[in-house]
1. Starting at 0 and stepping by 5 Å, how many percent of the alpha carbon pairs of the range 127-195 end up in each bin?
2. With 19 Å as the limit, write out which pairs from LYS66/LYS148; LYS148/LYS188; LYS127/LYS148; LYS130/LYS194; LYS164/LYS188 have Cα-Cα distances beyond it, or answer none.
3. With the Cα gyration tensor of the range 27-152 in hand, give its eigenvalues times 5 under a square root as the equivalent ellipsoid semi-axes, listed largest first in whole angstrom.
4. So for the range 56-163, taking the charge dipole from beta-carbon charges (+1 Lys/Arg, -1 Asp/Glu), which of PRO62, ALA101, ASN88 sits furthest toward the positive end?
5. Just to verify a number: what accessible area does SER259 come out at with the full protein assembly present, 1.4 Å probe, Å² rounded to tens?
6. Under a point-charge model restricted to the Cβ atoms of Lys and Arg (+1) and Asp and Glu (-1), what is the dipole moment magnitude of the range 127-195 relative to its Cα centre, in debye to the nearest 20?
7. Quick one: accessible surface of ASP114, probe radius 1.4 Å, all protein chains present, in square angstrom to the nearest 10.
8. Taking the Cα centre of the range 40-161 as origin, sum charge times position over the Cβ atoms of Lys and Arg (+1) and Asp and Glu (-1), and report the length of that vector in debye to the nearest 20.
Amino acid sequence: MNEDLLEMPLEEDIVREDEAAPETVPVPRSLVPHLSETAVLLDIDGTLLDLMPTPREVWVPPGLVKTLNRLLVRTNGALALVSGRSLNDIDLIFAPDQFPAVGGHGAEMRIEADSESVDAHAPPLDKELKRRLAAIAKLSPGILLEDKGYSLALHYRLAPHAEKAIYAAVSLIRADLPNAPIEVLPGKCVCEIKHSGFTKASGVRELMTREPFKGRRPFFIGDDVTDETVFAIMPDLDGLAFSVGRRAKGVAGHFDAPSDVREFLAHLLDDERDAALP
């Protein structure tokens, strides 16, 4: 078997829990007493929104957009979505509302909610490479191809039996193109290939140098293996990280499901309002 394939974590490795990690999160008021001094950073799929069989089936529950907009106001604009999705895709999901965001695993960034200004940090994937990777979807019915511009994702939630075959095929392409600047990101029933040199963590680091995020304490919630790069840098930024659905290494606690995250964010607003009362 190809050595690259042996190094790629499969789904059962990704979701294995760290038994030594904390089991719960503190009450909102004790965790974030001052939203005016906090930067709220949130992954989308599997964190704010429930995972669905296909990426296009995700939906925004009632009340979530209102909560996010209220948090945006309370933090004076220091709320950002941090996702592997492109900014265009994020905007489609939350339309007509827009939020500050780090998209494409750090490949692009928008600092202000309604700004047309987008910082790009990577070129789109090479067309020939995309063509070869896209052909992997033909390995089995149920493998879904998602072109994110800066990356290409192969979803196999509808074809879990194809996981090893997908990673083997990706490994062969990497062996054939050893100098291609690409990185493989295993996720929850998805294999994603992107340009190397940028991650969600690199995007968050840059975001935290910009106003209104600069000088604040970041608070990040994520669920997937791609969020672990952000978990790892939170101590450097004097921040806190929480995982969803599993007890990830290095986090301060975890939520059981996206519904718990949504409830928590709503309580953040309620608790801060109550704390401000005489």
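The values are calculated or read from the model by the stated rules, or taken from the named source; none is laboratory data. These figures come from a predicted structure and were not determined experimentally. Positions of Cβ are backbone-derived with ideal geometry, glycine not excepted, and every protein chain shown enters the neighbour counts. Ligands, DNA and RNA are excluded from the accessible area calculation, which covers all protein heavy atoms including side chains. Shrake-Rupley method; radii C 1.70, N 1.55, O 1.52, S 1.80 Å.
1. Whole-percent P(r) values from 0 Å outward: 4, 18, 35, 27, 13, 4, 0.
2. Too far apart for the 19 Å limit: LYS66/LYS148.
3. 31, 18, 12
4. It is PRO62, whose Cα lies furthest towards the positive end.
5. For SER259, the solvent-accessible surface is approximately 60 Å².
6. Charge dipole of the range 127-195: 80 debye, to the nearest 20.
7. Accessible area of ASP114: about 120 Å².
8. The dipole of the range 40-161 has a size of about 360 debye.
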